[in-house]
Amino acid sequence: MKKILTSLAFVLIFVGTLATANATVIKIDGLYGYTDVRFSSEGTEHYVYAGEFQLTLDEKYKSVGYCVDLFTNTYVPSGPYKAELEALTEKWQLQAAWLMEYSNAETTLEKAALQLAIWDVEYGINLISVRDEVKESYGKYMEMLGDNLYKGTDYMIAYLAPNAQNLLVKNTAPVPEPATLLLLGSGLLGLAGFRRKSK
């Protein structure tokens with residue numbers, strides 16, 4: 001009985017590790033255009049470039065991301081970086097993912113406005129100097145957002161700091177489904193039980 005319990009504990013730990021280990025290699029390929037913007041947040045003035053990062057995940061999956069870290073510099077291109085991808089849990093993260101999913105930003109200036117909107121839900125910002133088109137799109141995105149929260153699982157936070165900015169990333173790499181992990185775990189448990197009976 002003790003061996004069965006030990007085997008069960010091992011299987012549960014193994015399955016739990018598979019479910020939580022989500023290390024991904026991220027390479028920053030470029031910034032989709034970029035627009036210089038000036039704004040203040042909590043009394044600090046920021047003069048930065050805003051745009052959409054073009055990414056490669058695990059050396060084969062193309063994706064995009066937006067900065068969620070104003071305090072770390074990122075060089076383009078750069079990497080690869082080994083990053084932990086974490087599920088969205090905070091309200092601002094769910095708002096930022098909703099913006100990324102539903103804004104339909106296509107042009108360089110629209111993507112800059114989307115970046116500003118993401119920073120706004122995270123930090124709260126006051127615009128100082130942006131192009132009129134950026135300001136207009138930014139206002140539209142913030143109005144669209146309202147109380148909406150993203151409800152899917154396609155977006156995650158990639159923690160790259162201190163080597164690069166943390167990013168909100170569209171995760172295009174396949175992730176093992178819980179049902180698959182459960183099936184694997186029960187199969188291993190069955191093997192452990194079968195081995196016990198045959199002795």
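Screening residue 39 on (1) outside any strand (DSSP E or B); (2) more than 21 Å from the chain's Cα centre (by Cα) shows it passes everything except condition (1).
One line per residue, one yes/no per condition, for (1) charged (D, E, K, R); (2) outside any strand (DSSP E or B); (3) at pLDDT 95 or above:
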site	(1), (2), (3)
4	no, yes, no
13	no, yes, no
19	no, yes, no
30	no, no, yes
54	no, no, yes
62	yes, no, yes
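Among what's in segment 76-123 and is closer than 16 Å to residue 148 by Cα, assigned to a loop (DSSP other than H, G, I, E, B) and in contact (Cβ under 8 Å) with a residue 40 or more places away in the chain, pick the residue that is least open to solvent (accessible area, probe 1.4 Å). Filtering segment 76-123 for residues that are closer than 16 Å to residue 148 by Cα, assigned to a loop (DSSP other than H, G, I, E, B) and in contact (Cβ under 8 Å) with a residue 40 or more places away in the chain, the one least open to solvent (accessible area, probe 1.4 Å) comes out as 103. Take the conditions (1) farther than 17 Å from residue 154 by Cβ; (2) out of contact with any Pro (no Cβ under 6 Å at 6 or more places or on another chain); residue 25 misses just one of them, which is (2). The set of residues in segment 122-161 being polar (S, T, N, Q) and either within 25 Å of residue 28 (Cα to Cα) or within 13 Å of the chain's Cα centre (by Cα) (or both) consists of 153 alone. Report, by residue number, each residue of segment 124-145 that is of a type in the set (Phe, Trp, Tyr) and touching a residue at least 40 places away in the same chain (Cβ under 8 Å). Answer for segment 124-145, where residues must be of a type in the set (Phe, Trp, Tyr) and touching a residue at least 40 places away in the same chain (Cβ under 8 Å): just 141. The one condition from (1) in contact (Cβ under 8 Å) with a residue 60 or more places away in the chain; (2) touching a Ser or Thr at 6+ places or on another chain (Cβ under 9 Å); (3) acidic (Asp, Glu) that residue 29 does not meet is (1). Of all residues in segment 133-147, those satisfying the criterion of being farther than 14 Å from residue 39 by Cα and not small (Gly, Ala, Ser) are 133, 136, 140, 141, 142, 143, 144, 145, 147. Taking segment 64-75 as the range and being among the β-branched types (Val, Ile, Thr) and in a loop (DSSP other than H, G, I, E, B) as the test, the residues that pass are 68, 72, 74.
The values are calculated or read from the model by the stated rules, or taken from the named source; none is laboratory data. Only a predicted model underlies this, so the values are computations on that prediction, with no experimental measurement involved. Virtual Cβ from ideal backbone geometry, glycine too; neighbours counted across all protein chains shown. Calculation scope for accessible area: heavy atoms of the full protein, side chains included, ligands and nucleic acids excluded. Shrake-Rupley method; radii C 1.70, N 1.55, O 1.52, S 1.80 Å.
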